[in-house]
Amino acid sequence: MLRRIIAKLHNPESHYTVGQLLRWLWRVLKGNRRQAVLNAVIGLLGVLVSLFMVWAMQRAIDVASGMRPGSLYWAVGLMGLLILGEFALNISKVWIKNILGVKAQNHMQQQMLDRLLRSEWRSKAFYHSGDIINRLEQDVQTVVTFITETLPNTLSTVAMFLGAFFYLLSMDVWLACITVGILPLFIAVSRIYISQMRKFTRRVRSSDSQVQSLLTEAVQHRMLIKTLEAEPRVVEKLDGTQTQLQYHVRQRTKFSIASNLFVNGGFSLGYLIAFLWGAVRMHARTITFGQMTAFLQLVYRIQGPARDLTRLAPAFVGVFTAAERLMELEELPQEALGEAIELPHPCGVRFDDVTYIYDDGTEPVVNHLTFDFRPGSCTAILGETGAGKTTLIRLILSLLHPKKGHVLIYNGDRADDITPRHRCNFVYVPQGNTLLSGTVRDNLLMGDPQATDQQLWTALHHACADFVSTLPQGLDTVCTESGGGLSEGQAQRIAIARALLRGRSVMLFDEATSALDPDTERQLLKNILSDRQKTVIFITHRPAVVDFCDQVLRVE
């Protein structure tokens, strides 16, 4: 039976087997054992308290009706103690969920993000940023909730079912058998439910990711959308994507409602049968009113867990879908790991017959290039848009790898093929506004987390960014997303100051002075090039930059 249910969990649209998904979930469980064990213990204690409550209620009713000797006050007092115990257990459960649950979710998000950031640069193009965020938020939450709450609760649910069944069995064999006799039918139906529900859930999650991807792009590029007066088209596209999501949600909801009606109808019928059975026996005076109450309480405690167990089907469907979406991210190729390899200053970079073709291209972007960026030199890379200038920078930073030839970093007699481990020798200022949300200080400290205020101001001065001292809070002035609140030229100069703080041997600038006026640009270049212990490479269209360079590489 178990094998058949597991077989039904397999989704033909997935390239993971059920075994692979279970092994991955087991690995996640091992990293969250503390919370899972605490929830399991609290759940089992809750089962004991609940069953004792049935016994205490039956006893109190029988004492009150004169069917049993004893003190009514003691009987009710015992019920009060058990109620207080239930309160304490519920508070403990909420505390564990809100404290340890958030911690577990944060830890898993950190692990997934760290793996993403360490994956190869080109691999991230397989997924939209909105889709990745959707997975890191919703899918991580689904997995952590299932591992730390659903599974431990299942243990207590099974314990409640068995405890209530044997308790009822000791009171009335026939009623116990009738109550559980309907369960095999529900197990058979659940096999069909699991198979269909997993398909629906996968389609809903995919559509949801598409909606979030579109929303992310619209927010990021709202200025472009406004200037193109494309608001109606973007909203129309969103409407189409949302309509597809609504369709899949509607299909899943219809199937879920139909299944729930069948299951709940069966449980309601079972409860009515139990009530009728108890009422007939009480009318015949073969049981007491307290026993009648205990019958109904126990039937509820059997049916409740049974109903909860039927909900495991959608829980498994949801967590399997979330797990396979996170496993896809984990499969992204990882960069070579190891200790950073820093060469003495100044380093040179040499291209030795390098050819590079993008995976989706047929023509080489870089074709048999041989060039030497000598130690301590300043080079301007010139060329038309799309000629491959930025590709050269990515090859130098080991974000891309040549299809033929070698990109070498060298100093004296030592020359190494560039790998991610050599990235510590470089500092890079990309094109455009690259500030992150936070304060000016936060952005600068990304270059050197240990820098003092004096070092921050010195770097800002060399980057012609003394204007920071005139800002409302100086270094602690808050910038919004992409440096909001600053002009393009101001943001560029802070980004250059951040690069100067990093202080590495090879400095790469991709149109990093495009938003500066000529006088500021000339002064900035003088400051950067005053120290010939750096190898400086500019991608530029600016004549003033070329005038400061020792050599020029023209990319055709």
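State all residues of region 56-88 that are of a type outside the set (A, V, I, L, M, F, W, C) and either in a loop (DSSP other than H, G, I, E, B) or surrounded by 16 or more Cβ atoms within 10 Å (Cβ to Cβ) (or both); if no residue qualifies, say none. Write out each step before concluding.
As a first pass, look at region 56-88 and keep what is of a type outside the set (A, V, I, L, M, F, W, C): 58-59, 62, 65-66, 68-71, 73, 77, 80, 85-86.
Across region 56-88, the qualifying residues are Gln58, Arg59, Asp62, Ser65, Gly66, Arg68, Pro69, Gly70, Ser71, Gly85.
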Taking only region 316-346 into account, find how many residues are open to solvent by less than 30 Å² (accessible area, probe 1.4 Å) and over 30 Å from Thr535 (Cβ atoms).
-> 14
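For region 395-491, which strands (runs of 3 or more DSSP E) that fit wholly inside it have 2 or more residues that are closer than 30 Å to Pro364 by Cα and open to solvent by less than 40 Å² (accessible area, probe 1.4 Å)?
Values: elements: 404-411, 414-417, 426-429.
Of the strands (runs of 3 or more DSSP E) lying wholly inside region 395-491, those with at least 2 residues that are closer than 30 Å to Pro364 by Cα and open to solvent by less than 40 Å² (accessible area, probe 1.4 Å) span 404-411, 426-429.
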The number of residues in region 169-200 that are at pLDDT 75 or above and more than 41 Å from the chain's Cα centre (by Cα) is 4
Of the residues in region 3-30, those that are at pLDDT below 80 and outside any helix (DSSP H, G or I) come to His10, Asn11, Pro12, Glu13, Ser14, His15, Tyr16
Quick one: Met53 ticks every box in (1) out of contact with any Lys or Arg (no Cβ under 9 Å at 6 or more places or on another chain); (2) open to solvent by 30 Å² or more (accessible area, probe 1.4 Å) except a single one, so which number is it?
-> (2)
Within region 316-349, track down each residue that is hydrophobic (A, V, I, L, M, F, W, C) and out of contact with any strand residue (DSSP E or B) (no Cβ under 9 Å at 6 or more places or on another chain).
-> Phe316, Val317, Val319, Phe320, Ala322, Ala323, Leu326, Met327, Ala336, Leu337, Ala340
For Arg203, all conditions in the list (1) open to solvent by less than 70 Å² (accessible area, probe 1.4 Å); (2) modelled with pLDDT of 80 or more; (3) in contact with a Lys or Arg (Cβ under 9 Å, 6 or more places away or on another chain) hold save one; what is the number of the exception?
-> (1)
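Can you spot a residue in region 311-321 that is closer than 30 Å to Met67 by Cβ, part of a loop (DSSP other than H, G, I, E, B) and among the charged types (D, E, K, R)?
Step one: of region 311-321, the residues closer than 30 Å to Met67 by Cβ are none.
Scanning region 311-321 turns up no residue that is closer than 30 Å to Met67 by Cβ, part of a loop (DSSP other than H, G, I, E, B) and among the charged types (D, E, K, R).
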Filtering region 508-546 down to residues that are open to solvent by 60 Å² or more (accessible area, probe 1.4 Å) and modelled with pLDDT of 80 or more, which residue is nearest to Asn425 (Cα to Cα)?
-> Lys526
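Could you list, in sequence order, the residues of region 274-294 that are open to solvent by less than 70 Å² (accessible area, probe 1.4 Å) and out of contact with any Asp or Glu (no Cβ under 7 Å at 6 or more places or on another chain)? Working first, answer last.
First, the residues of region 274-294 that are open to solvent by less than 70 Å² (accessible area, probe 1.4 Å): 274, 278-279, 281-282, 284, 287-288, 290-294.
Within region 274-294, Ala274, Gly278, Ala279, Arg281, Met282, Ala284, Ile287, Gln291, Met292, Thr293, Ala294 meet the criteria.
The values are calculated or read from the model by the stated rules, or taken from the named source; none is laboratory data. Given the structure is predicted, the values throughout are model-derived calculations rather than measurements. Don't worry about glycine lacking a Cβ; one is built from the backbone with ideal geometry, like all the others, and counts go over all protein chains shown. For accessibility, only protein heavy atoms count, side chains too; no ligands or nucleic acids. Shrake-Rupley method; radii C 1.70, N 1.55, O 1.52, S 1.80 Å.
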